[in-house]
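First the structure, in the form of structure tokens, and then the observations on it.
The values are calculated or read from the model by the stated rules, or taken from the named source; none is laboratory data. Small disclaimer: the values here were computed from a predicted structure and weren't measured. When we count neighbours, we look across all protein chains shown, and the Cβ atoms used for this are built from the backbone with ideal geometry, even at glycine. For the accessible areas, the whole protein counts, side chains as well, though only heavy atoms, and no ligand, DNA or RNA atoms are used. Shrake-Rupley method; radii C 1.70, N 1.55, O 1.52, S 1.80 Å.
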Amino acid sequence: MLVAALGLTILGFAFLVSAVATGQIGWAWACIAVGALGLLLLVMDLIRGRASRDGSGQGPSDVAGEAEEAGTHTDR
């Protein structure tokens, strides 16, 4: 999804240049639409990434606590 968002960013920039060069409002609206779609993809990727990390049900502190209980923790 990040590659798609990058592609939409490049497309949006092209629309922006076209809007400034020609002075037509249609290109500006296309730039806004493409930018909004890219932002939506980034938010979806962020949510999907957090859901996959939290899927195990254990955070880093839980894993460290289990390691101490198992006797793998060494004191110096």
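Key figures
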item	result
Selection count where residues are among the aliphatic types (A, V, I, L, M) and under 16 Å from the mean Cα position of the chain (by Cα), scope the range 1-33	7
Given (1) modelled with pLDDT under 60; (2) assigned to a helix (DSSP H, G or I); (3) open to solvent by 80 Å² or more (accessible area, probe 1.4 Å), number of the condition residue 48 does not satisfy	(1)
Any pair with Cβ under 7 angstrom, 6 or more apart, that starts in the range 6-30 at a residue that is closer than 20 Å to residue 43 by Cα and ends at one that is surrounded by fewer than 16 Cβ atoms within 10 Å (Cβ to Cβ)	8/37
Only listed residue being at pLDDT 95 or above and assigned to a helix (DSSP H, G or I), chosen from 17, 43, 63	17
